[in-house]
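One structure is given below, encoded as structure tokens.
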């Protein structure tokens, strides 16, 4: 989508390995673009993406790279309290990619997406739930 820009990735994987996995994805096949690593950044089709390997989201300094929405996909920060560390670090919103472990609201496209009212932290439920949604 042209309205989404990836500006940062936080993962404990090495940036060179990330580049390799993007180039040669076993599901989607070979990436039809350019991928390289330069000065610790991932460069995809000429676009520089900051890469960090930070275990504590509160230290990510999302505001330094203009992050609006964090996709929290580690499976470790699935409560409002723990996911809020991304907000503390400068992100405006957080979407958990797994089911929340507290009362953080869950939204599923085709089921209750119309109920979203601008909450800053939400869950996208589980992959199974999304698979079964109408």
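Scanning region 96-123 for residues that are under 20 Å from residue 7 (Cβ atoms) and crowded, with 18+ Cβ neighbours inside 10 Å gives 96, 121. Here residue 108 meets the list (1) assigned to a loop (DSSP other than H, G, I, E, B); (2) in contact with a helix residue (DSSP H, G or I) (Cβ under 6 Å, 6 or more places away or on another chain); (3) closer than 30 Å to residue 19 by Cβ almost entirely, failing just condition (3). Just wondering, is there one or more residues in region 58-67 that are crowded, with 18+ Cβ neighbours inside 10 Å, without any contact (Cβ under 8 Å) to a residue 40 or more places away in the chain, within 28 Å of residue 133 (Cβ to Cβ) and within 17 Å of the chain's Cα centre (by Cα)? Looking through region 58-67, none of the residues is crowded, with 18+ Cβ neighbours inside 10 Å, without any contact (Cβ under 8 Å) to a residue 40 or more places away in the chain, within 28 Å of residue 133 (Cβ to Cβ) and within 17 Å of the chain's Cα centre (by Cα). Of the strands (runs of 3 or more DSSP E) that lie entirely inside region 1-82, those containing 3 or more residues that are closer than 22 Å to residue 98 by Cα span 8-10, 69-72.
We did not get these values from a lab; they are worked out from the coordinates using the rules stated. In this text the structure is predicted, and so the values were computed from the model without any measurement. Cβ sites come from the backbone with ideal geometry, for glycine too, and all protein chains shown count toward neighbours.
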